[in-house]
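Report on the following structure.
Every number in this text was worked out from the coordinates using simple rules, so none of it is lab data. Remember, predicted model here, so these are calculated numbers, not experimental data. FYI the Cβ positions are ideal-geometry reconstructions off the backbone, even for glycines, and counts take in every protein chain you see.
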Amino acid sequence: MPIGLFDTETPLIALREQILDRLAEVVERGIYILGPEVKAFEREFADYLGVKHAIGVGNGTDAITIGLRALGVGRDDEVVVPSFTFYASAEAIVNARARPVFCDVDPATRNVTADTVRVALTPRTKAIVAVDLFGCPAPLDEIRDLGVPVLEDAAQAAGASFDGRRAGALGDVATFSFYPSKNLGAFGDGGAITTDDDDVAELARALRFHGSRDKQTFEYVGYNSRLDELQAALLRVLLPELDTWSERRRAAAEAYAEAGIAQYVNAPTVPDRAEPAWHLYVVTHPRADALIAGLADHGVQARAYYRRPLHQQPAMAPYAPTPGSLPATDELARTNLALPMSAALDAGRAGEVVAALAAVLGD
C-alpha cells in the first residue's frame, strides 16, 4: 500500500458519530457566529494550553495580523521573522502595516534562536514572530530575554511542549491555525490567538469583530474574522484526542530513528526539554528532489517545503536582505524533504519508509 505524506482520515474514524451528532446540535440550535460552541472551545483550549485567554478567529493568518496589532505593532514598525517558514508568517506582518525583517534559523532544529534573531534587531523592531516550525517549539524563553515582545506562531505545533509548558503558552501572544491538515484541524479554515495579557485579549476580540466591543461603536478599523460555531463544535470533539495523537506522532518519529533513518538522511535535531508535535517530519539530503522522485517510485510520498524561502518571494522583494545573508535558510530550502508523518503512522510503516530510502540510495 502507498504511504501518503498525511493521513488525516484514519484518526477520525472512531469519532465520526460523535462529530456528526455535535454538528447536528449546532444546526438544530441555529446559532452559527460567536455562539456557545465558540465560547466553550475558547475556554477549553485556553485551559488545555494553560493560558488565560483564547480568541477564535477566521484563520491562522488573521490570527498573526490581529495578534501583532494587539501587541501594538503598527505602520512601518519592524517585525523580525524567519524566512524559512510558510508565507503567512510574513504576509500577516505586511497586513498589519509593518515591515518584515528576515532572519536566519538554526540548521539543525530549523527554528529561530536568540542568536539568529539578535542580528536582525534594530531600534525600530516592535515585535518578533518566532515560528514553532514543523511542530518543534522554538527557544522562546531565550528569545523573550532579548526584551522585545514575541508572538509565537504555533500554527504547526498544537500538542507540542517545551520544558513542561504547551506550545501556545510560550510567547507574549501565540497564534494557531486549524487548517484541516494541522494536528488539530477543523473541516475548513479557523484559527486562534492565545495570551495571558488581559489588554491584548480585549483588543484582539474587538479587532476580530470590525474593531467593536459592543457591535454598536467601532473604535478601530478591524477585521471580519471569527471562528464559526460548526468549526468550534468539531474542535471541541477533537481537542481531547490531541495529546494521544501527539504521542503517536512522537512514537512514529522514534520508529524512524530506530529503523536507522540517520544512515540515509539528516534527521531534525530535537532541542533539550522539547517535545515536538511533528506536524511534519522534515529531513535533509543533498539530492533532495531526486530522492523525492525515487521515493514516489516506491509508493512513498515525500514533498519539499519552502523551496523558495520568503526573502526570495516576489511580493517580499521590498524587504529582501542582502543576498547570501541567510545561509542556513538557503541551504535548508535547497535540501529539505518531508517524509510521511501522522498519528496513524505505525512502526511497521515507518520501517517501510526507511527501507524505501535505502533502496533509492542504493544501500
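Okay, here's what the table says:
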read-out: 10 Å binning of all Cα-Cα separations within the range 154-210, expressed as whole percents from 0 upward; value: 23, 45, 30, 2
read-out: Loop trypsin sites (Lys or Arg not before Pro), the range 70-162 (other Cβ atoms within 10 Å of the site Cβ: 15 or fewer; DSSP); value: ARG75, ARG97, ARG124
read-out: All-pairs Cα distance distribution in the range 10-240, expressed in whole percent, bin size 10 Å; value: 8, 35, 35, 17, 5, 0
read-out: Calculated Rg and Dmax of the range 71-147 using C-alpha coordinates, Å; value: 11.6, 34
read-out: Cβ-defined net charge surrounding LEU235, 13 Å radius [Lys, Arg +1; Asp, Glu -1]; value: -2
read-out: Magnitude of the charge dipole, the chain, Cβ model with Lys/Arg +1 and Asp/Glu -1, debye to 20; value: 780 debye
read-out: Charge sum, other residues only, whose C-beta stays under 11 Å from ALA304's C-beta, Lys/Arg counted +1 and Asp/Glu -1; value: +3
read-out: Neighbour count of at most 14 Cβ within 10 Å plus DSSP loop: longest GluC sites (Glu not before Pro)-free window in the chain; value: 10-218
read-out: Semi-axis lengths, Å, the range 141-268, gyration tensor of Cα atoms, sqrt of 5 times eigenvalues; value: 33, 20, 12
read-out: Cβ-Cβ FRET estimate between ARG124 and HIS210, R0 fixed at 22 Å, reported to 0.05; value: 0.15
read-out: Net charge, GLY324 excluded, C-beta distance under 14 Å - Lys, Arg +1, Asp, Glu -1; value: -2
read-out: Average projection area in nm² (convex hull over Cα atoms of the range 242-360, one quarter of hull surface); value: 8.9 nm²
